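Scroll down for the structure; my scribbles are underneath it.
Please treat every number below as a calculation from the coordinates, not as lab data. Since we're looking at a predicted model, the values are computed, not measured. Every residue, glycine as well, gets a Cβ built from its backbone with ideal geometry; the counts of neighbours run over all protein chains shown.
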Amino acid sequence: MNARDLLSARRALCVQPHYDDNDLAAGGTFAALADAGVEVHYLTATDDLVGVLDPSLSDEEAGARLRAEQAQAGAEIGVTEQHWLGLPDAGPYDYYALRNGVVRHIRRLRPELVFTCDPWLPYEAHSDHLRVGRAVAEACMLHKHRRLRLDPALEAAWEPHEIHAVGFYFTTAPNLCFDTSATRERKYRALEAYRTQLSDDEIRFLQQGLAGMEQRWAADEPFSHGEALKVLPPGRLHVNLLPELA
Ligand SMILES: [Zn+2]
């Protein structure tokens, strides 16, 4: 699976723990996919209320601001539609509720590409990132099995489809550097929407830090900036008996 394969997909589902992870990690990639005509769907797993800076906001006010900021950033990237699971940020929630919520979106949207954070990132301590990455990886294996019955009424008319690739961002084991030279500025602008959780200084710090990382990732590439991804076929996500695909 190379960058051209990703760009020729019909639909991508990008599952993030929090409202800004997709854009922070791979917003340049998703903007390029959108430009190429790929439908780009974002699914946010948690309500993301823990990181809200203003303690005087009610949960309802904060949630409305987060969604408005996501819409603003999404317009910059070219996101087709935003979806939410609404699980409590950093809180207790059932793993199977999370995984099955992802399976339902996979079955309904039928993406060829699924993206999420790498749950095997060394020293990743945030439980939402660990749980979401693992749940998405498992959902990409299990979604097509008819005996995983979640919504019998809907599944009566449902036919399984194939996911071609799972792309993990926030990874230290990339196997693809995606050229974001032409789209990186849109990612930086998208990040400026996230004012409910980030100060002006933090946004500037992130923009500068990301630009440096993107240049380092692309050091051996014929382009100036890129985003690091670990892209695997779903068959590699269980017992790993397909070494020829490494
Ligand atoms: Zn996050």
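Here are a few things to note about the model shown:
- Any hit, the stretch 40-56, residues being within 19 Å of E214 (Cβ to Cβ), polar (S, T, N, Q) and away from the ligand (no atom under 16 Å from the Cβ): no
- Residue-level check: of (1) closer than 25 Å to K230 by Cα; (2) outside any strand (DSSP E or B); (3) hydroxyl-bearing (S, T, Y); (4) within 16 Å of the ligand (Cβ to nearest atom), Y96 misses just (4).
- Conditions (1) farther than 22 Å from D21 by Cβ; (2) out of contact with any strand residue (DSSP E or B) (no Cβ under 7 Å at 6 or more places or on another chain): number failed by R110: (2)
- Residue match in the stretch 19-31 (condition: of a type in the set (S, T, N, Q), over 23 Å from H161 (Cβ atoms) and either within 16 Å of the ligand (Cβ to nearest atom) or surrounded by fewer than 24 Cβ atoms within 10 Å (Cβ to Cβ) (or both)): no
- Whichever residue in the stretch 118-156 is within 14 Å of the ligand (Cβ to nearest atom) and not in a helix (DSSP H, G or I) and, among such residues, is surrounded by the most Cβ atoms within 10 Å (Cβ to Cβ): D118
- Cβ-Cβ distances below 7 Å connect the following pairs, each with a first residue in the stretch 124-137 that is over 22 Å from A165 (Cβ atoms), a second residue that is within 11 Å of the ligand (Cβ to nearest atom), and a separation of six or more residues or different chains: S127/A90; D128/P17; D128/H18; D128/A45; D128/T46; D128/D89; D128/A90.
- Residues in the stretch 182-210 that are surrounded by fewer than 16 Cβ atoms within 10 Å (Cβ to Cβ) and touching a Phe, Trp or Tyr at 6+ places or on another chain (Cβ under 8 Å): 0 in all.
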